[in-house]
Each structure stands twice: as structure tokens, then as C-alpha cells.
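For reference, the structure is listed below as C-alpha cells.
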Amino acid sequence: MSDQTRTEEFQVTGEAVVAKLREILHAGNVRRIIIKNESGQTLIEIPLTLGVVGALLLPVWAAVGAIAALAANLTIVVEKMDAATPAAASNEEANHDQ
């Protein structure tokens, strides 16, 4: 089973970027978030792992807030995992065999 990634892009105003990021993170399966300015230049790239939560993201939120204050329109690029986890796949196989 190969891991496949897909990307989604969201156009947001500087004011709405933090709220949109929280919404994206709550959806799950996010591997990386990239924030770009109007001309497509990458301003910040945030690699995420399963263990990165809560207080560990505080410096990132501060950086995102500073970027949002300086930019009118931003693009958020979200890289997500599409493949099922090995544990979920084995559970599906076990249920299928019954």
C-alpha cells in the first residue's frame, strides 16, 4: 500500500488565515501547510506530524499572525494523506473476513 498525498488550496484574507488554519487542522490528515502571498511566493511552510499539537504550535501561530497582519490576500496550500493507515486497513480486512 502506497501513501498518496493530495493538495488543496484556499484563498483567504489576512484576517481570516488563523481561523482557516484551525479549521484545516481540526479536519485531520494534514502533513504540511504552506502559506503563499499574492504573487505565489512561499512565506512559511509548516511540516506537521501526528505528535505536534497544542503548545508546540504556539510559535507557529505567532508567525502566522505576523504574516497575516502584513498581507491582504494569502493562499493556504494544504498537503493531506489519502491512504488508510495500516491499522485501519487490517481492521477492514478482519471485518471483511467475518
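Would you check if ALA88 is modelled with pLDDT under 90, over 15 Å from the mean Cα position of the chain (by Cα) and loosely packed, with under 12 Cβ neighbours inside 10 Å?
Numbers: modelled with pLDDT under 90: yes; over 15 Å from the mean Cα position of the chain (by Cα): yes; loosely packed, with under 12 Cβ neighbours inside 10 Å: yes.
Considered against the rule, which asks whether it is modelled with pLDDT under 90, over 15 Å from the mean Cα position of the chain (by Cα) and loosely packed, with under 12 Cβ neighbours inside 10 Å, ALA88 comes out as yes.
Using the structure shown, decide if ALA72 is loosely packed, with under 12 Cβ neighbours inside 10 Å, at pLDDT 60 or above and in contact with an Asp or Glu (Cβ under 8 Å, 6 or more places away or on another chain). Break it down into steps so the answer makes sense when it comes.
On the way: loosely packed, with under 12 Cβ neighbours inside 10 Å: yes; at pLDDT 60 or above: yes; in contact with an Asp or Glu (Cβ under 8 Å, 6 or more places away or on another chain): yes.
So ALA72 fits the description; yes.
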Considering only residues that are outside any helix (DSSP H, G or I) and modelled with pLDDT under 65, which ones fall in segment 39-56? LEU50, GLY51, VAL52, VAL53
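Taking THR5, is it in contact with a strand residue (DSSP E or B) (Cβ under 8 Å, 6 or more places away or on another chain), without any contact (Cβ under 8 Å) to a residue 24 or more places away in the chain and exposed (fewer than 15 other Cβ atoms within 10 Å of the Cβ)?
no
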Where a residue in segment 10-33 is of a type in the set (Ser, Thr, Tyr) and its partner, wherever it lies, is assigned to a strand (DSSP E or B) and surrounded by 15 or more Cβ atoms within 10 Å (Cβ to Cβ), with Cβ under 8 Å and at least six apart: THR13/LEU74
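Answer with yes or no whether ALA83 is at pLDDT 80 or above and among the hydrophobic types (A, V, I, L, M, F, W, C). Let's see the steps before the verdict.
Details: at pLDDT 80 or above: no; among the hydrophobic types (A, V, I, L, M, F, W, C): yes.
No: the conditions fail for ALA83.
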Within segment 8-34, count every residue that is outside any strand (DSSP E or B) and of a type outside the set (Asp, Glu). 14
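The values are calculated or read from the model by the stated rules, or taken from the named source; none is laboratory data. Remember, it's a predicted structure, so these values are computed and weren't measured experimentally. A quick note on method: Cβ atoms are made from the backbone with ideal geometry, for glycine too, and the neighbour counts reach across all protein chains shown.
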